[in-house]
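Beneath this line is the structure, given in C-alpha cells, with notes to follow.
The values are calculated or read from the model by the stated rules, or taken from the named source; none is laboratory data. Just so it is clear, the model here is predicted, and its values are computed rather than measured. Glycine gets a Cβ as well: all are built from the backbone with ideal geometry, and neighbour counts include every protein chain shown.
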Amino acid sequence: MGNQTKTDSAVLEIDSLTKAYGNRQAVSSLSLSVKRGEIFGILGSNGAGKTTSVECAQGIRRADSGQVRVLGKDPIKERAQLRGRVGSQLQDSNLPDQIRVAEAVDLFADDRTQAKMAMSNWQLDEIAKSKFGGLSGGQRQRLFLALALLNRPEIVFLDELTQGLDPNARRTVWELIEKVRDQGATVVLVTHFMEEAEVLCDRVVVMAGGKLVDEGSPAELIERHSKGIRMRFEYDNADLDWIENVPGVTGVTPYGTEVGVTGKSQVIAHIGAALIQRGSIPESIRVDQPNLETALLKIINPNGVAHV
C-alpha cells in the first residue's frame, strides 16, 4: 500500500514520521493524511506505535524526524495557535483525585451554559459531586470524553475511546461521536475494539512494528483480507452443479446432508433466491460473515493467530 494522497481538505498530515525510545523504534517512516469531517481509525496490536503517533501529532512528543501538520500548523512550534481547535482524550489521561466531576467540567468550560450542556450530554449530572479518585473506569472515560469535546474542536484525538464502558454506554458514546462528526469535526480514533472501528470509521490504517501496513475503509480491508461469505445449509440432493452457477459463488463443499458455500457478499441473496425458485428451502441456514477483526488478524499476522 502507498501513502495516503494529500489533499487541500486534509486536517492532519503526517509525512515520514519516525520516533524511537532508545534502541526501540516506536514509529518508522509513517505517512498518512486525514480528511476534514471523517472519522479516521488507527488500528494495530499493542506496541504497534499507535499512541506514539497520535502523541506526536498533538505535539505531546517530539518526533525524531519527519513532519506533522495539524490544521496546517506545526503542533509543537505553533501550539498556541491550535489551542481550542484541537480536542484530546488520551490513553493516560488523569486528573487530581480530589477534584469533583462538576468542578472539572467547570474548570475547562468557557462558561456555565457550556458546562451544563456537557454534564447533561454525557450523563454526568448523577456523579456531579463525586471525586475523580472514586470514579469507576467507565465514569472516568465519560468525563474525559466530555472534556475532550467541550469546546467543539475542529479535530479531536481519542485513544481507546470506550475502554471500560459497558455495552450500553459504549453505544451511547458511538452515537455522540457520530453527532460530533456530523457537526463538522474530524475524529482520529485509536482503538483495539474492532466493532467500534467498523461501526464508526470512514477509513482506517493498520500499524505493525511502528509502520503503516495497510489502509482503506473497513469494508475494503474486510474484502481484501477475507475469503468471503461462508454459508452452510441442509441439502440432501446429490445435484450440486446448479449452486456453482449461482452468481457470487466461489466454492461448494458437500458435508453429508449439508452443503457449504463460499462467495462474495451478494451470494447470500442469490443462494436464497435460487433455493426458493427450486422449492428447496432449508429449515436453517448458517452464515459466517468476515469482519474487521478477522481482517486485522490476517494483516498483522498472516501465518497465525494474533491478539489485538
Within segment 137-159, considering residues that are at pLDDT 80 or above and of a type in the set (G, A, S), the one surrounded by the fewest Cβ atoms within 10 Å (Cβ to Cβ) | A148
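Assess whether E198 counts as being in contact (Cβ under 8 Å) with a residue 60 or more places away in the chain, of a type outside the set (S, T, N, Q) and touching a Pro at 6+ places or on another chain (Cβ under 6 Å). Steps first, answer last, please.
On the way: in contact (Cβ under 8 Å) with a residue 60 or more places away in the chain: yes; of a type outside the set (S, T, N, Q): yes; touching a Pro at 6+ places or on another chain (Cβ under 6 Å): yes.
So E198 passes the test.
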Exclusive hit being in a loop (DSSP other than H, G, I, E, B) and under 20 Å from V204 (Cβ atoms), set G37, G84 | G37
Please enumerate the residues belonging to segment 256-277 that are in a helix (DSSP H, G or I) and exposed (fewer than 13 other Cβ atoms within 10 Å of the Cβ).
-> A269, A273, I276, Q277
Given the conditions (1) of a type outside the set (V, I, T); (2) modelled with pLDDT of 90 or more; (3) in a helix (DSSP H, G or I), report the number of the one that P96 does not fulfil.
-> (3)
Subset of segment 73-90 [touching a residue at least 24 places away in the same chain (Cβ under 8 Å) and surrounded by fewer than 15 Cβ atoms within 10 Å (Cβ to Cβ)] = G84
Helices (runs of 4 or more DSSP H) contained entirely in segment 160-248, each with at least 3 residues that are surrounded by 15 or more Cβ atoms within 10 Å (Cβ to Cβ) = 167-182, 194-200, 218-224
Of the conditions (1) in contact with a helix residue (DSSP H, G or I) (Cβ under 8 Å, 6 or more places away or on another chain); (2) outside any strand (DSSP E or B); (3) surrounded by fewer than 17 Cβ atoms within 10 Å (Cβ to Cβ), the single one that V287 does not satisfy is (2)
Scanning for something of a type in the set (G, A, S) and at pLDDT 90 or above, does segment 217-236 turn up at least one residue?
-> yes
Filtering segment 52-72 for residues that are of a type outside the set (A, V, I, L, M, F, W, C), crowded, with 17+ Cβ neighbours inside 10 Å and either assigned to a loop (DSSP other than H, G, I, E, B) or in contact with a Leu (Cβ under 8 Å, 6 or more places away or on another chain) (or both) leaves a count of 7
Mind checking which pairs have a first residue in segment 141-165 that is without any contact (Cβ under 8 Å) to a residue 60 or more places away in the chain and a second that is basic (K, R), Cβ under 6 Å, 6 or more apart or different chains?
-> T162/R170
P218 passes all but one of the listed conditions (1) within 30 Å of L43 (Cβ to Cβ); (2) without any contact (Cβ under 8 Å) to a residue 40 or more places away in the chain; the exception is number (2)
